[in-house]
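Below: one structure, written as structure tokens.
The values are calculated or read from the model by the stated rules, or taken from the named source; none is laboratory data. Being a predicted model, the structure only gives us computed values, none of them experimental. Neighbour counts run over all protein chains shown; Cβ positions are idealised from the backbone, glycine included. These accessible areas exclude ligands, DNA and RNA; they are computed on the full protein's heavy atoms, side chains included. Shrake-Rupley method; radii C 1.70, N 1.55, O 1.52, S 1.80 Å.
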Amino acid sequence: MGRYTIRRLLQLIPVLLGTTFLINYMVWQLPGDPFAGRCGQRPCPDAYVNAMRAQFGLDQPVLVQYWNFLKNMLTGNLGVDFNQVPVATSLADAWPITIRLAILAVAIEAVIGIGAGVLSGLKRGGVIDNAVTLSTLVLLSLPVFVTGFLLQWLLGVQLQIVNPTVSDEATVSELLVPAFVLASLNMAFTARLTRTSIVENLRADYVRTAIAKGLTNRRVVGVHLLRNSLIPVLTFLGTEVGGLMAGAIITEGIFNIHGIGGLLYRAIINQDFTIVVPVAALLVLVYLITNLLVDLLYGVLDPRIRYE
Amino acid sequence: MSDPTVAQDLIHGGDEPTGAVTVTSTGRPRSLWRDTWDILRHRKIFWVSLVMLIAFLLMAAFPSLFTHKDPNYATLAHSMEPPSSDALFGYDLQGRDVFARTIYGARASIIVGVAATLLTVLLGGITGVLAAFYARWLDAIISRVGEIFLGVPYVLGGIIILGTIAPAQTSPNEFTIMAVVILVLAILGWPILMRIARSAVIQAKHQDYVQAARALGAGPFRIIFKHLLPNSLAPILVYSTITIGSYIGAEATFSLLGIGLRPPVISWGIAIADHTRYIRTGAHAMFFPAAFLSLCVLTFVMLGEAVRDALDPKLR
Amino acid sequence: MVEVLSEPVGGGSYEGSLLEVDDLHVEFRTRAGVAKAVNGVTYSVGAGETLAVLGESGSGKSVTAQTIMGILDMPPGKITGGEIRFRGVDLLKLPEDQRRKIRGEGISMVFQDALSALNPVFPVGWQIAEMFRVHRGASRSDAKKKAIELMDRVRIPAAKDRVNDFPHQFSGGMRQRIMIAMAIALDPEILIADEPTTALDVTVQAQIMGLLADLQRERNMGLILITHDLGVVADVADKIAVMYGGRIVENAPVHDLYRSPAHPYSKGLLESIPRVDMKGQELYAIKGLPPNLLEMPSGCAFHPRCPYRRDNCVTDVPPLYPISGTRGSACHYWREVLDDGSR
């Protein structure tokens, strides 16, 4: 497994280089001159544009720029944004909030999604099963922002149970509703995946053996059936952690949460690419590493998988 | 659903990242389709989604069938008026009729969803079939490039590309705005389809009848078109139906962020974006477009699931 | 066994055999119709006795076994009549929690395909040890020690080193040994082996059958050996019940049946075994196909394939005619068949 891990890490490098180059290229080269529109209605003075171009290295060839970016990233130097605020500072403020939000969301996905999936899978065709099938279909069809606005309107404006927006502290209780919104899509899918997996495994011979061993129903389901059925579910949950953080852009926008997503979104609107590039690169890195971890986790969960 | 990468998991359980999609009764495509139809005919969900689909298509093609009002006619005096017998869905911020704008909004969303999906199928299908058929270095290159694109989370990728391109366009027309969104959706989505097509073709390639065709001296194009394409059709069809739904959701999401569709285009996403700040006073101006948007996504998701269940009965 | 022995479910004494299946009826209700899988099966096994239940797939032999174990899928399965008495007590009337205690403790089962019957994600030792932990409340380390002893007993080499291995890391024969170790862990009085050697190589088959016979003698178990292979049966079984179309068509002490079958189906089975002294001659095969459970032939279910068929075979269901105290045949013309002998 050690060798497999190393090989996978090595394979990660070209993908990481490719994605970060793509991000760099798209952000810096595609829009034409990134400084042209920065002085309100008037075109910017040449002196300002030239100074900025020099500071951010835009006067150099694309590959040199990319090389400098890599060098800075590897030495932990995230640079300053257009307003000369260190990007690392903004990140340090935003990062914990997004992590909290993502952890909450994964917990909601796991608890509700797996719970609903198990219940509906065990009693296929029952009332619960039909309810779960229907509600997951609805959740899968609601774009995240629709769910977000709906809950904000219902719980925040109409019923006034929660604040429609989240304060700067972003406490766990404030983040519950946003986390639910962020989780909604994956939660629905987790429920369906769990159901399918339970239904498939219920037919398996080893379940019959477990019953023949004289185990209680609870142990047959709770130990033998669940241990097998949850392998693909946990893998899915893990794979989606990285995507969840990136997806938080929309949820954070709706509830005015000052996390990574909010930071990135504001940076895009303000065309501040010095923030966009490192933050996006970071999100990609998190995404790729969680994927790798999940692959390794898969081997731990399922002894039949052998890494070569 | 605003993230098409999840739709990929919808079609095959999601347990294996590169898992092959099972193609039932690969040997006899015609009977496969007949079986599928027989199952579909008896499914309520199929008929419900079909009726909804036809309604939305009519809305997109002939909006004037549903409303005689002009979606762009604004009377500020009516601004944010709630639903009444005069205006079924009320008026928006500019005093335009929300019902008319919701009906007219179907066109842009459906065009973007369908066109982006077609482009995705084209891009992903061609690369996938080529990668599987020629294997070796071409496969390696296509697969690696696909990995790079999949390495960027979908929403993030969309925001980066659209966020940098969109503001750079000076006074674009409707066509350009839509074309850019379509292009971006497809560029981010093609690797998933490439993988589906690739694994379907690899599976089919080892079937005896394809080997036999090869041994009989059939050329590569004949094999691809006669044997391999029909085989990969089933999983691609299921995926792309669901994808239309998720692309419509994704377009609305980007429009909401101000980097997708923009005026003068009329779309559900724009209508919602225009009123996010007025959620306390004028929720109706957001609610109706959001409801239509969700129903439209639901239509395609249901249709896709019905087709998938019919094609692969063991999943039920 | 502690619970069962100290507090026998029947209340002490019982007459008759350890396990008695009495006029059992099981059907499957499917969309295509009702399939009568078991139609009045009666057999019994005593302590230290081996009963071989012989029949092709669909004959109802496995369904009967699953009903005894209480692991029949219901629905679609449904028990429509009969009794299964273990120590005189009808298992079918017992509440589920008492029934559960008998599984593994009183009656145990070995399945055909050990690879799928063992849980893929738990070590084999853990799976054997689970019997002691759940039924006896043994500690983790005690249970593991006992699991290793059992693995030794079923002759798994280097049991101690392999106790933490997973099922897929063993060969087919070794996996079946683990299955057997698990089944005999709690010293059950009845062991049901459902085609235990079908999935294995011929050489391994003999070893597994030998092991089962040894264990049975050693522990004085009643053994129900379910198989479709008459060749497997001869050396180990005491008596044979031949099943066809959900009924027992012949039961007999094993040597009587080998010497002179009393039912055309048993006769056909015997004659289709290749024999060295018949070299060069054409091998006999029973004509036709096994019956469709959804549309059973009228009268005797075997009549469409039977060389002894007369008119009344098509209309009258033959009862199990007693031939002697220990033998019976469900053929109207059993005398004729018996007189013909086997080849």
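Assorted remarks:
Conditions (1) open to solvent by 30 Å² or more (accessible area, probe 1.4 Å); (2) farther than 24 Å from A:Ser229 by Cα; (3) without any contact (Cβ under 8 Å) to a residue 24 or more places away in the chain, marked per residue:
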site: C:Leu54; (1), (2), (3): no, yes, no
site: C:Ser59; (1), (2), (3): no, yes, no
site: C:Thr64; (1), (2), (3): no, yes, no
site: C:Leu72; (1), (2), (3): no, no, no
site: C:Leu91; (1), (2), (3): no, yes, yes
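- Condition met for B:Gly258 (more than 30 Å from A:Asn201 (Cβ to Cβ), within 8 Å of chain A (Cβ to nearest Cβ) and in a loop (DSSP other than H, G, I, E, B)): yes
- A:Phe255, sole failed condition from (1) modelled with pLDDT of 85 or more; (2) of a type in the set (Phe, Trp, Tyr); (3) open to solvent by 10 Å² or more (accessible area, probe 1.4 Å): (3)
- The lone exception for A:Ile97 - which of (1) part of a helix (DSSP H, G or I); (2) open to solvent by 30 Å² or more (accessible area, probe 1.4 Å) it fails: (2)
- Selection of the range B:271-301 for residues being surrounded by fewer than 24 Cβ atoms within 10 Å (Cβ to Cβ) and among the β-branched types (Val, Ile, Thr) yields B:Thr276, B:Ile279, B:Thr281.
- Residue check for B:Leu65: open to solvent by 70 Å² or more (accessible area, probe 1.4 Å), more than 27 Å from B:Tyr278 (Cβ to Cβ) and among the aliphatic types (A, V, I, L, M): yes
- All positions within the range C:20-43 that are touching a Phe, Trp or Tyr at 6+ places or on another chain (Cβ under 9 Å), open to solvent by 20 Å² or more (accessible area, probe 1.4 Å) and either modelled with pLDDT of 90 or more or over 17 Å from C:Leu91 (Cα atoms) (or both): C:Val34, C:Lys36
- Cross-chain or 6+ apart pairs with Cβ under 7 Å, the range B:131-153 first and farther than 25 Å from B:Ile223 by Cα, then crowded, with 16+ Cβ neighbours inside 10 Å and among the β-branched types (Val, Ile, Thr): B:Glu147/A:Val15; B:Ile148/A:Val15; B:Ile148/A:Thr19; B:Gly151/A:Val15; B:Gly151/A:Thr19; B:Gly151/A:Val284; B:Val152/A:Thr19; B:Val152/A:Val284
- Taking the range A:142-182 as the range and being closer than 22 Å to B:Glu251 by Cα and free of Cβ contacts under 8 Å to residues at least 60 places away in the same chain as the test, the residues that pass are A:Leu142, A:Pro143, A:Val146, A:Thr147, A:Leu150, A:Leu151.
- The requirement of being among the small types (Gly, Ala, Ser) and under 20 Å from A:Val276 (Cβ atoms) is satisfied by B:Gly163.
- Matching option when the condition is modelled with pLDDT of 75 or more, surrounded by fewer than 17 Cβ atoms within 10 Å (Cβ to Cβ) and of a type in the set (S, T, N, Q), among A:Asn50, A:Asn24: A:Asn50
- Subset tally (residues that are surrounded by 15 or more Cβ atoms within 10 Å (Cβ to Cβ), over 24 Å from C:Leu289 (Cβ atoms) and over 25 Å from the mean Cα position of the chain (by Cα)) for the range C:305-339: 1
- Residues of the range C:236-270 satisfying the condition of being of a type in the set (Ser, Thr, Tyr) and open to solvent by less than 10 Å² (accessible area, probe 1.4 Å): C:Tyr244, C:Tyr265, C:Ser266
- Screening C:Thr198 on (1) within 18 Å of the chain's Cα centre (by Cα); (2) within 13 Å of chain A (Cβ to nearest Cβ) shows it passes everything except condition (2).
- Restricting the range A:205-238 to residues that are buried (at least 23 other Cβ atoms within 10 Å of the Cβ) and of a type in the set (Val, Ile, Thr), the residue that is nearest to the other protein chains (Cβ to nearest Cβ): A:Thr209
- Any hit, the range C:119-130, residues being open to solvent by 50 Å² or more (accessible area, probe 1.4 Å) and either touching a helix residue (DSSP H, G or I) at 6+ places or on another chain (Cβ under 7 Å) or at the interface with chain A (Cβ under 10 Å from one of its Cβ atoms) (or both): no
- Among the numbered conditions (1) hydrophobic (A, V, I, L, M, F, W, C); (2) outside any loop (DSSP other than H, G, I, E, B); (3) touching a Pro at 6+ places or on another chain (Cβ under 7 Å), the only one that C:Ala301 does not meet is (2).
- Filter result (small (Gly, Ala, Ser) and either open to solvent by less than 10 Å² (accessible area, probe 1.4 Å) or within 12 Å of chain B (Cβ to nearest Cβ) (or both)) within the range A:136-186: A:Ser141, A:Gly148, A:Gly156, A:Ala170, A:Ala179, A:Ala183, A:Ser184
- Only listed residue being more than 8 Å from every other protein chain (Cβ to nearest Cβ), closer than 22 Å to B:Leu150 by Cβ and either assigned to a helix (DSSP H, G or I) or open to solvent by 10 Å² or more (accessible area, probe 1.4 Å) (or both), chosen from A:Leu244, A:Leu263: A:Leu244
- One residue alone among B:Ser199, B:Ser240, B:Ser143 is in a helix (DSSP H, G or I), within 14 Å of chain A (Cβ to nearest Cβ) and farther than 25 Å from A:Leu264 by Cα, and that residue is B:Ser143.
- There is no residue in the range A:217-231 that is among the aliphatic types (A, V, I, L, M) and over 25 Å from C:Phe166 (Cα atoms).
- Of all residues in the range B:76-95, one or more are modelled with pLDDT under 85, over 16 Å from B:His284 (Cα atoms) and either assigned to a helix (DSSP H, G or I) or open to solvent by 30 Å² or more (accessible area, probe 1.4 Å) (or both).
- Residue ID - farthest from C:Pro167 (Cα to Cα), chosen from residues in the range C:102-118 that are more than 17 Å from the chain's Cα centre (by Cα) and either buried (at least 22 other Cβ atoms within 10 Å of the Cβ) or facing chain A (nearest Cβ under 7 Å) (or both): C:Ile102
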